[in-house]
Each structure stands twice: as C-alpha cells, then as structure tokens.
Amino acid sequence: MSFLSKSPWIMHYDGSSCNGCDIEVLACLTPVYDVERFGIINTGNPKHADILLITGAINEQNRSVVQNIYHQMPDPKVVVAIGICASTGGIFKECYNVLGGVENVIPVDVYVPGCAARPESIIDGVVKSLAVLEEKHRSIALMNSGKDVLAIETASVEDAKTILHLQKEAYQSEAEIYGNFDIAPLKQTLDEIRHDFSKKCFLKASFKNHIVGSVRAYSDGETCFIERLIVAPSKQDLGIGSKLLKAIEDRFPDSPRFELFTGHKSRRNLFFYQKRGYSEFKHSIVCDKITRVYLEKHRAEHK
Ligand code: SF4
C-alpha cells in the first residue's frame, strides 16, 4: 500500500460504549502507541475528518447523531467500528433500545473485534482504513476524471445474469439484518429476472466496464414504481446509488409520482431515500420479522 499524500484526520464518536473501548482508543493517541506517527490527527469536527472511529452499539438516541456526523464528513470517508459492540451490538444486542452494530445505520469499512479492542488491533484497523480510504480516493478521482469510467445506461437481458449475481451479493446485508435468507431478492431465479426485463426498465452502472450497480422501474398510471436499487458492496458510498436513483427518475419524465419500499429495519436505506426527497406513507407486514415501509416522492413541477 502506498500511503496517502495527505495526513488522514480521524474523529472518534462514543455511541453507547461502556467506555472500555474508548479508553483503548485514547491510549492509541498517547506516546506509548502514538498513531500520529502515521500522520493521523484527531479532530472534533466531522467536516475535517476522513476516518470515523465509533465505539459502542447503536440505539435510538444516537442513531441520528451517528448519521449526522457521517453525512457531515466530506467524501471519501471511512468508518471503523471498534469493539464487538460497534461491530454487532455485542452483549447489548438484545436490549430493547439497541438497534445493533454501526452498520445498521451507516456503511462500515473496517471492523476491529475485541471486548475491549486492544490498542494494537485498533491501530491495525486504522492502518487498514488508510488503504480503504486510498482506494476510495482513487475511485472518485477516476469517476471525476471525465474518462467515462462510470457509465449509467439501459441494461439488456444479456446483463440479467450479472445483475442477478450482484443483487444476491448486495442483499446479503439485508438478509442478515432480518435474520432471514428467504427474502425475495435472494430467491429470484434467472428466468424470473429475464421475465422482468420484458416488463420493466433496467439501468446498470458500469465502473471500468464492470457492472457495479443496477435499478429497475415501471410505470402504472401516474406512478413510477422503483425497485431493487443495488450497488456492489465494494463500490458503496461513492455516490453510485444516488446517480442510479436520479437516472431512473429521469427515465420516467411523465410520472408525477415515484414509489418504492424497503424494510423497517433497513435504516440506512430509509435515510438514503429520505435525504433524496422520499417520505413514508404506508406500512405493510410481510411476516413477523419484516414490515415493508413504502415511500413516495412527487416530482416538483407536479406538486
Ligand atoms: S466491546 Fe466491550 S469494552 Fe468495548 S464498548 Fe462494548 S462492552 Fe465495552
């Protein structure tokens, strides 16, 4: 790994930890472990931070704070979940007010296990996060270079197999959230998705000629129904999902209303859509573990 030319700045946020992991994070900043030797500086301002270190699980109180900090950080950014609480919810996972690990509300790039995580492991995690940050810098620079490395275009039925593979990869994290690997996107067959091509408009996002994202939609009456917005896990957090959503909305210029749905525990998805103008309007129960949350958006000129 060649290190970044700029010193990466870190921000530390204590979600709901017992302070065990926080003490170890602070130990990394002391002269004994001295992470500053990697050029790293600790900052209290998310607008200056490249790397977010989070300790503790996510609960209803800190969920919006974590999302707020994350969205104030400039792109590219990296999130490191420190300790088993931040990684999965740990021993607090089953508590009535705990939502689980950090990945439930924002994307996590590096997980540092342990209870408490040892300073050596935290430093290892931070060094790994530098490699992730560097890769994100490279990808964004390429995407902004005007060299057409990211193309969003109509997918054809020949792309069905690749899109289905990507869909099964992208929905793994959703299945884990609900503890249910029988969700429809994971069970869809090649014949079914090929059949969908005859009824729906499919878009694909290609990065350096590899399909890394997709979305599909169809219109019925005044509403455009948007489905299965997916981005490859390794290419998330680079703005590809936003571009796909905007592109599919643009494909239906005569639709005054857009509708989509996600699961009630998919807080990252809910936040993503709400940030882009969608609002909840109804719920429906799929099974005892999953409630579908429907969101809608009205095109500005039709309001
Ligand atoms: S992982 Fe252990 S030490 Fe760290 S916050 Fe959770 S309970 Fe505390």
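Tell me, yes or no, whether region 122-134 has at least one residue that is crowded, with 23+ Cβ neighbours inside 10 Å and among the basic types (K, R). No, every residue in region 122-134 fails to be crowded, with 23+ Cβ neighbours inside 10 Å and among the basic types (K, R).
Hey, any hits in region 29-44 for a residue that's within 12 Å of the ligand (Cβ to nearest atom), of a type in the set (D, E, K, R) and out of contact with any helix residue (DSSP H, G or I) (no Cβ under 7 Å at 6 or more places or on another chain)? No, because not a single residue in region 29-44 is within 12 Å of the ligand (Cβ to nearest atom), of a type in the set (D, E, K, R) and out of contact with any helix residue (DSSP H, G or I) (no Cβ under 7 Å at 6 or more places or on another chain). In this structure, does S206 turn out to be hydroxyl-bearing (S, T, Y), in contact with an Asp or Glu (Cβ under 8 Å, 6 or more places away or on another chain) and in a strand (DSSP E or B)? Against the criterion (hydroxyl-bearing (S, T, Y), in contact with an Asp or Glu (Cβ under 8 Å, 6 or more places away or on another chain) and in a strand (DSSP E or B)), S206 qualifies.
The rows are residues; the columns are (1) within 16 Å of the ligand (Cβ to nearest atom); (2) farther than 22 Å from P233 by Cα; (3) surrounded by fewer than 18 Cβ atoms within 10 Å (Cβ to Cβ).
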position	(1), (2), (3)
K93	yes, yes, yes
P113	yes, no, yes
A117	yes, yes, no
A151	no, no, yes
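Look at region 30-54: where a residue is at negative phi and surrounded by 15 or more Cβ atoms within 10 Å (Cβ to Cβ) and a partner is of a type in the set (G, A, S) and part of a helix (DSSP H, G or I), sitting 6+ places away or on another chain with Cβ atoms under 8 Å, you get Y33/A27; I51/S129; I54/A86.
Okay, residues lined up against (1) over 27 Å from H264 (Cβ atoms); (2) among the hydroxyl-bearing types (S, T, Y); (3) free of Cβ contacts under 8 Å to residues at least 24 places away in the same chain:
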residue	(1), (2), (3)
P119	yes, no, no
D124	yes, no, yes
L130	yes, no, no
H137	yes, no, no
L142	yes, no, no
T162	yes, yes, no
S173	no, yes, no
G179	no, no, no
P185	no, no, no
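Against the conditions (1) part of a loop (DSSP other than H, G, I, E, B); (2) in contact (Cβ under 8 Å) with a residue 40 or more places away in the chain; (3) within 17 Å of I177 (Cβ to Cβ); (4) of a type in the set (D, E, K, R), D288 satisfies every one except (2).
When the residues of region 47-61 are filtered to those that are over 12 Å from A86 (Cα atoms), touching a Phe, Trp or Tyr at 6+ places or on another chain (Cβ under 9 Å) and not in a strand (DSSP E or B), the one that is farthest from the ligand (Cβ to nearest atom) is H48.
A short reminder: the numbers here are calculations on the coordinates, not readings from a lab. Every value quoted in this text rests on a predicted model; they were computed, and no experiment measured them. FYI the Cβ positions are ideal-geometry reconstructions off the backbone, even for glycines, and counts take in every protein chain you see.
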